[in-house]
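What follows draws every value from the coordinates through simple rules; no lab data is involved. This structure is a prediction, so every number in the text was calculated from the model and none was measured. Don't worry about glycine lacking a Cβ; one is built from the backbone with ideal geometry, like all the others, and counts go over all protein chains shown.
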Amino acid sequence: MGYDFIQYDVSDRIATITMNRPDQLNALSPAMIRELRQAYADAEADDDVWILLVTGNGRAFCAGADVGEIPQDGRVIYDEPYLSTYPQWEAPQEGTPPFRTMTKPILVAVNGLCCGAGLDWVTTGDIVIASDRAQFFDPHVSIGLVSGREVVRLARALPTNVAMRMALMGRHERMSAQRAYDLGLISEVVEHDRLIERAREIAGTVNRNAPLAVRGTRLAIRKGLDLPMHEAEILAEAFRERVVRTDDAREGPRAFMEKRPPRWQCR
């Protein structure tokens, strides 16, 4: 499909999804959300894609929901009749990738301002890096709204008192990229002009590894986070047992013994 509010590109086994409403600080409109969901589905289904890279155009990564398009009754907009589908009973995901159900890893490159629903990518991305110009904050209480899933996710990624401070200070205080790095919210701060170059370097490094092993490892971590330790270990071993039966699992040791780069086939 064609896209009006995002850019979608596949090269070198990387699906790059770029939010492209720079004049609106990449705020999430219903149309943009639909395009993001389609892009995630396209990338997950495409055998030529091994990793997703999400970023934004302009001075913002994502400024959250487009306030001008929020209905007066506060409801999240869906295409289907109200409460007729399961996602409407779940916590609203807005632009968040379906990180609980997809297999391919998600790399997030925060290029600038990141707030509200934009924080969802930071707390659900598998690898998150940021420009040295990036700033993070949660404006919900400053516009009269309760911060919902965004701050609940933040409180599991940050020390509770830091997440609480961000939530209760609202738009009146911002966290720098360096502070986010120091607290472990992101894994790297990059000079602004090198952000996408560095993101593609990281994606390329991930793609040098066996893709099915990468997916199984990602799923073991993601699924295990919601489980007690022993059950998480058992689940991780189940993923290991599945992948060990693949051609790539045989190719890896063979290439090592033959002192050559492995030829991954993703099967």
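Scalar couplings 3J(HN,Hα) for segment 129-140, obtained by applying the Karplus form with A = 6.51, B = -1.76, C = 1.60 to θ = phi - 60°, are 10, 8, 5, 5, 8, 5, 9, 10, 6, 10, x, 3 Hz; x denotes Gly and Pro. Fewest neighbouring Cβ atoms within 10 Å first, the residues MET175, MET19, MET229, MET164 line up as MET229, MET164, MET175, MET19. For the chain, the relative contact order works out to 15 percent when only alpha carbon pairs closer than 8 Å and six or more residues apart are counted. Of the beta bridges in segment 6-207, as assigned by DSSP with both residues counted there, near 25 percent are antiparallel.
When the Cα gyration tensor is reduced to axis lengths a ≥ b ≥ c, the ratio a/c is 1.5 or higher for segment 91-233, and with a/b not above b/c it is classed as oblate. Over all projection directions, the Cα-based convex hull of segment 211-257 averages an area of 3.3 nm². Scanning residues 5 or more positions from VAL54 or on other chains, those with amide H under 5 Å from its amide H are ILE17, LEU107, VAL108, ALA109, with H placed 1.01 Å from N in the peptide plane.
Dipole of segment 124-267 computed with +1 at Lys/Arg Cβ and -1 at Asp/Glu Cβ about the Cα centre; of GLN265, ALA220, ALA163, farthest Cα towards the positive end is GLN265. Against the longest alpha carbon principal axis of the chain, how many degrees, from 0 to 90 and to the nearest 10, is the axis of helix 229-243 turned? Around 50 degrees separate the two axes. Taking a sphere under 11 Å around the Cβ of CYS62 and counting the other residues whose Cβ falls inside, with K and R at +1 and D and E at -1, yields a net charge of -2.
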